[in-house]
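Here the structure is laid out as structure tokens; the discussion comes afterwards.
The values are calculated or read from the model by the stated rules, or taken from the named source; none is laboratory data. For clarity, every value in this text was computed on a predicted model and none was experimentally measured. Here the Cβ positions follow ideal geometry from the backbone for every residue, glycine too, while neighbour counts run over all protein chains shown. Side chains are part of the model used for accessible areas, which takes the heavy atoms of the whole protein and leaves out ligands, DNA and RNA. Shrake-Rupley method; radii C 1.70, N 1.55, O 1.52, S 1.80 Å.
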Amino acid sequence: KAGVTQTPRYLIKTRGQQVTLSCSPISGHRSVSWYQQTPGQGLQFLFEYFSETQRNKGNFPGRFSGRQFSNSRSEMNVSTLELGDSALYLCASSLEGQGVTNEKLFFGSGTQLSVL
Amino acid sequence: SQQGEEDPQALSIQEGENATMNCSYKTSINNLQWYRQNSGRGLVHLILIRSNEREKHSGRLRVTLDTSKKSSSLLITASRAADTASYFCATDLSGSARQLTFGSGTQLTVLP
């Protein structure tokens, strides 16, 4: 089974621009979560999607948004980029549904975003 | 901000030695997980321990959980150079299994 795939791997943007990151979960996984990792704040939860619905949201401004498609693939968008948005953005999928709940998260390799 | 604290922040040991990392958290949990991250890459799940368990083993890993002290420890026995990585504890403080709160991490360096 292929793992969680995140694209692109690296991204360089300038302040004020917007960016879209993509995540393809493991086949059969319907829950997709996003995390931001920075040296200062560590790993922080952004949001989680299940069956195309946002189920949980972390404490991030509205500039951070996401969505999930019917095939469970997910995208996150950051508008009006700020220098502080430079981070490694990690996507994780997990198995849930049909009577199965698995708390274990499977992470992608991340998208390293640099805002100049 | 981080809800969990890990110590030490950095640990350097020789191959073959044991490595112990500690994690503390602040509120009640359903379970606690440990993840490993190689530099700049994604996290890999190592082990999960539920709040009603006190100890769990997986290969060279041993995890303990003390809910009265709100703390956990991860022991890696007979460490190898390939164990060099950052190790994070994660808890479901929010009550949602998918919304994990990660500790600040321990950077482990195993010297050959």
query: Limited to region B:20-29, what total is found for residues that are open to solvent by less than 90 Å² (accessible area, probe 1.4 Å), in contact with a Leu (Cβ under 9 Å, 6 or more places away or on another chain) and either farther than 10 Å from B:S71 by Cα or of a type in the set (S, T, Y) (or both)?
result: 5
field: Matching residues in region B:4-19 - criterion: being surrounded by 18 or more Cβ atoms within 10 Å (Cβ to Cβ) and over 14 Å from B:T109 (Cβ atoms)
entry: B:G4, B:E6
field: Number of the exception - A:S51 against (1) under 13 Å from the mean Cα position of the chain (by Cα); (2) at pLDDT below 95
entry: (1)
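Results for (1) touching an Asp or Glu at 6+ places or on another chain (Cβ under 9 Å); (2) of a type in the set (D, E, K, R); (3) open to solvent by 40 Å² or more (accessible area, probe 1.4 Å); (4) part of a strand (DSSP E or B), shown as yes or no for each residue.
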{"site": "B:L75", "(1), (2), (3), (4)": "no, no, no, yes"}
{"site": "B:S79", "(1), (2), (3), (4)": "yes, no, no, no"}
{"site": "B:R98", "(1), (2), (3), (4)": "yes, yes, no, no"}
{"site": "B:Q107", "(1), (2), (3), (4)": "no, no, yes, yes"}
- prompt: Which residues, counting only those in region A:25-53, are among the acidic types (D, E) and open to solvent by 20 Å² or more (accessible area, probe 1.4 Å)?
  reply: A:E52
- prompt: Tell me, which strands (runs of 3 or more DSSP E) lie completely within region A:1-106 with 1 or more residues that are without any contact (Cβ under 8 Å) to a residue 12 or more places away in the chain and either more than 11 Å from chain B (Cβ to nearest Cβ) or among the basic types (K, R) (or both)?
  reply: A:53-57
- prompt: If a residue has to be over 14 Å from B:L100 (Cα atoms) and surrounded by 13 or more Cβ atoms within 10 Å (Cβ to Cβ) to count, how many in region B:30-43 make the cut?
  reply: 5
query: Which one of the conditions (1) touching a residue at least 60 places away in the same chain (Cβ under 8 Å); (2) over 27 Å from A:V4 (Cα atoms); (3) among the polar types (S, T, N, Q); (4) within 14 Å of another protein chain (Cβ to nearest Cβ) does B:S51 fail to meet, given that it meets all the rest?
result: (1)
query: Quick one: in region B:81-96, which of the residues that are farther than 21 Å from A:L46 by Cα and open to solvent by less than 20 Å² (accessible area, probe 1.4 Å) is nearest to the other protein chains (Cβ to nearest Cβ)?
result: B:A85
message: Just to be sure before I move on: is B:R62 modelled with pLDDT of 95 or more, open to solvent by 50 Å² or more (accessible area, probe 1.4 Å) and not aliphatic (A, V, I, L, M) in the structure I sent?
response: yes
